Amino acid sequence: MLSVLSYGRLVARAVLGGLSQTDGRDYSLISASYGFGKDFRKGILKKGMCYGDDACFIARHRSADVLGVADGVGGWRDYGVDPSQFSATLMRTCERLVKEGRFTPSNPVGILTSGYYELLQNKVPLLGSSTACIVVLDRRSHRLHTCNLGDSGFLVVRGGEVVLRSDEQQHYFNTPFQLSIAPPGAEGVVLSDSPEAADSSSFDVQLGDIILTATDGLFDNMPDYMILQELKKLKTSSYDSVLQTAQSIAKQAHDLAYDPNYMSPFAQFACDNGLNVRGGKPDDITVLLSIVAEYTD
């Protein structure tokens, strides 16, 4: 039989547990972006939120904060197609859908699907391919809903440790899953995946959690332990602090990308696939860094 004291402790725990699980506060993301185009030696933001062939967006709606990154497939340049047009248009379309409220926070795949099918229906053909990652924070439920197609991705960091990581999707070495629009008659030749093939996840976040969303230009050049070291520089949840840390991460990845003696994650992956590769991987780099905070108007 429980003593009165033990029973009181159990009741207190139940009450406190219930309060923690039903936190009535709305959450939000304080987010900043930074990046580099492969052809530039310093961070240059092209028209819209684009770094080279990468594109991204940060959108706020009354029900959710939504982030997205996309990496245009550079091989289209060999056919006279600007790869950045596809990724930039995809991200702008997804951003508009969010701002118009035409989305469900728990269904980021729906945002990606709607954005992609709008591109397919354009009167002026838009050729190209892109990976894509969408991250949604539902303010009221405090759940993070994500979808990732290809080799862009995200990390959730709590207490200095990675508690959630997206899964990379590759058909084979250096050939990620991708959304595509091919010229008429070439649909069966150009690699193209359905947005529904994106890997999805849902996760309960806490105040102070850090979310890093990025294209492969970051993850191919910086392993998780280096990213975690840089994240220690994030001292406050202010926008300026988030931006400075995003800049620090992107700059280190950019420097490592041009180090011929560095054994990058990409080089290690290449060696694992039987290729003799060393050094960083010069690429466009896009970093969206966010911290979970209490929502304020």
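Let's see how each residue does on (1) surrounded by 14 or more Cβ atoms within 10 Å (Cβ to Cβ); (2) farther than 22 Å from SER114 by Cα:
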position	(1), (2)
ASP167	no, yes
PRO184	no, no
VAL190	yes, no
SER201	yes, no
THR215	yes, no
Taking region 136-164 as the region of interest, how many residues are open to solvent by 10 Å² or more (accessible area, probe 1.4 Å), basic (Lys, Arg) and either over 22 Å from VAL287 (Cα atoms) or not in a strand (DSSP E or B) (or both)?
1
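For region 48-62, what are the residues that are surrounded by fewer than 18 Cβ atoms within 10 Å (Cβ to Cβ) and either over 19 Å from VAL124 (Cβ atoms) or free of Cβ contacts under 8 Å to residues at least 12 places away in the same chain (or both)? Walk me through it before giving the result.
In the first step, residues of region 48-62 are kept if they are surrounded by fewer than 18 Cβ atoms within 10 Å (Cβ to Cβ); the result is 48, 60-62.
Answer for region 48-62, where residues must be surrounded by fewer than 18 Cβ atoms within 10 Å (Cβ to Cβ) and either over 19 Å from VAL124 (Cβ atoms) or free of Cβ contacts under 8 Å to residues at least 12 places away in the same chain (or both): ARG60, HIS61, ARG62.
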Can you find a residue in region 223-238 that is in contact with a Pro (Cβ under 7 Å, 6 or more places away or on another chain), on the phi < 0 side of the Ramachandran plot and open to solvent by 50 Å² or more (accessible area, probe 1.4 Å)?
no
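Just to be sure, is VAL292 at pLDDT 95 or above, under 18 Å from MET226 (Cβ atoms), open to solvent by less than 30 Å² (accessible area, probe 1.4 Å) and in contact with a Gly (Cβ under 7 Å, 6 or more places away or on another chain)?
When the stated conditions are applied, VAL292 does not pass them.
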Within region 83-135, count every residue that is open to solvent by 40 Å² or more (accessible area, probe 1.4 Å), over 22 Å from PRO184 (Cβ atoms) and either among the aromatic types (Phe, Trp, Tyr) or assigned to a strand (DSSP E or B) (or both).
0
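The values are calculated or read from the model by the stated rules, or taken from the named source; none is laboratory data. Values in this document were obtained by computation on a predicted structure and should not be read as measured data. A quick note on method: Cβ atoms are made from the backbone with ideal geometry, for glycine too, and the neighbour counts reach across all protein chains shown. Surface areas here come from the heavy atoms of the whole protein model, side chains and all, with no ligands, DNA or RNA. Shrake-Rupley method; radii C 1.70, N 1.55, O 1.52, S 1.80 Å.
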